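Okay, structure first, notes after.
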Amino acid sequence: MSMKPIHILLVEDNEGDIILTRDALEEYKIITELSIARDGKEALDFLETQLLQNSGNLPDLILLDINLPKKSGHEVLEIIKQNESLKQIPVIVLTTSSSDQDIHRSYKSHANCFITKPVEAEHFLEVVSKIEDFWISIVKLPSNK
């Protein structure tokens, strides 16, 4: 069964986590196009550019860290979920934080799920593969055409 590659926007400022995520996607043979934004402003600029170009290249899924430079993940999430053209994109908050405040705020801003990053690399790989498994194999995503 051939599928069009799923487009993931990873919003992450930690280079190690970017590499781990990329490795996990490759290791589990998931056909992905991975766009990377290293801070909140870059993420919003990227989404805005895709909208303006009307390229049909909006991400199918956004993996969003909370603690980001320039604009926090919370701000990015709020802006995405208030935008008519973006709010249907599932946003997974993937962060080292496990604070109740961050969890509540994320869901209040309509995050689709909140996952605390495991620290060990192999657990991190497992988490990414499970995200993939669930969001790509099981969940039906809206087409962004």
Antiparallel DSSP bridges in the chain: what percent, to the nearest 5?
0 percent
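Report the Stokes-Einstein translational diffusion coefficient (µm² s⁻¹, integer) for the stretch 15-71, Rh taken as the Kirkwood radius over Cα pairs, at 37 °C with viscosity 0.692 mPa s.
Numbers: Rh = 12.6 Å.
The calculation lands on 260 µm²/s.
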At what distance in nm do the modelled label points of SER98 and ASP133 sit from each other, each positioned 7 Å from its Cα along Cα→Cβ?
2.0 nm
If you roll a 1.4 Å probe over the chain with all protein chains in place, what percent of the accessible area is carbon or sulfur?
52 percent
Using the Karplus equation 6.51 cos²θ - 1.76 cosθ + 1.60 (θ = phi - 60°), what ³J(HN,Hα) coupling, rounded to whole Hz, does each residue of the stretch 57-67 give in order, writing x for Gly and Pro?
10, 5, x, 7, 7, 10, 9, 10, 7, 8, 8
Tell me, what is the 1.4 Å probe accessible area of PHE134, in Å² to the nearest 10?
100 Å²
What accessible area per residue, rounded to a whole number of Å², is obtained for the chain using a probe radius of 1.4 Å?
54 Å²
Out of these labelled values of semi-axes √(5λ) of the Cα gyration tensor in Å, (1) 20, 20, 14; (2) 29, 21, 15; (3) 26, 18, 15, which was calculated from the coordinates shown here?
(1)
Who wins for biggest fluctuation among ILE62, ILE131, ILE19 in a Gaussian network model of the chain, springs between alpha carbons below 10 Å?
ILE19
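Please list the helices of the chain that count as membrane-span-like by this rule: a mean Kyte-Doolittle hydropathy of at least -0.5 together with Cα atoms stretching 15 Å or more along the helix axis, each helix being a complete DSSP H run.
Details: long enough: 15-27 (18 Å, -0.36); 40-53 (20 Å, -0.19); 121-132 (16 Å, 0.24).
The answer, listed by residue number, is 15-27, 40-53, 121-132.
Work out the length of the dipole vector of the chain about its Cα centre, built from +1 on the beta-carbon of each Lys and Arg and -1 on the beta-carbon of each Asp and Glu, and round it to the nearest 20 debye.
Working: 15 positive and 24 negative charges, 131 e Å.
Using Cβ point charges on Lys, Arg, Asp and Glu, the chain gives about 620 debye.
The values are calculated or read from the model by the stated rules, or taken from the named source; none is laboratory data. Remember, predicted model here, so these are calculated numbers, not experimental data. Reconstructed Cβ throughout: ideal geometry from the backbone, glycine too, with neighbour counts over all protein chains shown. Side chains included, ligands, DNA and RNA excluded: accessible areas come from the protein's heavy atoms. Shrake-Rupley method; radii C 1.70, N 1.55, O 1.52, S 1.80 Å.
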